Amino acid sequence: MGIQLKEIAEIWPVVQPILSVPHSESDYDKLVDFIDSLIDEVGDNEKHPLASLMETVGKLIETYETQYVSEILGNPIDTLKSLLMEHELKQSDLSEIGSQGVVSEILSGKRQLNLRQIKRLSKRFKVSPAVFM
């Protein structure tokens, strides 16, 4: 185990910002940006070499959100509807995720959010992508 610890100690300064529990909103924002990049790279591929890293970063984000971010209850569609009301937005204000018809289908439950839409919504509303999954 001694050799492994030495190897980890050498690379830790490089990976520490990514693999540490966030203690500030700035740390949290950096992790959310990083998981957005991981989602773009990994997608739904559970066999991707970075899939476990995506899971680990998600848990770090979840740890911070549990402590500091008020939880939005419900399923992803209810969450999106709540955010629309909270920000006084209409379906037509979500053109970045698709046409008004697409947004309507998502809000009615006829269509699920895809990874691209989840990423854009999480950035727009400054929430973890996990709230839309």
task: Could you identify the single residue in V14, V42 that is of a type outside the set (K, R), more than 13 Å from V127 (Cα to Cα) and in contact with a His (Cβ under 7 Å, 6 or more places away or on another chain)?
output: V42
statement: Going through (1) touching a residue at least 60 places away in the same chain (Cβ under 8 Å); (2) assigned by TED's automatic domain parsing to the domain that holds K30; (3) touching an Asp or Glu at 6+ places or on another chain (Cβ under 7 Å) one by one, L50 fails only at (1)
statement: Picked from the stretch 47-81 (must be small (G, A, S) and modelled with pLDDT of 85 or more), the residue nearest to the chain's Cα centre (by Cα) is G58
- prompt: Which of the residues that make up the stretch 80-130 are among the β-branched types (V, I, T) and closer than 14 Å to I39 by Cα?
  reply: I118
- line: Of the candidates Q67, Q100, Q91, the one satisfying the condition of being of a type in the set (S, T, N, Q), closer than 22 Å to D27 by Cβ and either free of Cβ contacts under 8 Å to residues at least 12 places away in the same chain or outside the structural domain of P17 (by TED's automatic domain parsing) (or both) is Q67
- request: Kindly indicate whether I106 is modelled with pLDDT of 90 or more, in contact with a Gly (Cβ under 8 Å, 6 or more places away or on another chain) and not polar (S, T, N, Q).
  value: yes
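The values are calculated or read from the model by the stated rules, or taken from the named source; none is laboratory data. Owing to the predicted nature of the structure, the values given are computational and were not obtained by experimental measurement. Glycine gets a Cβ as well: all are built from the backbone with ideal geometry, and neighbour counts include every protein chain shown.
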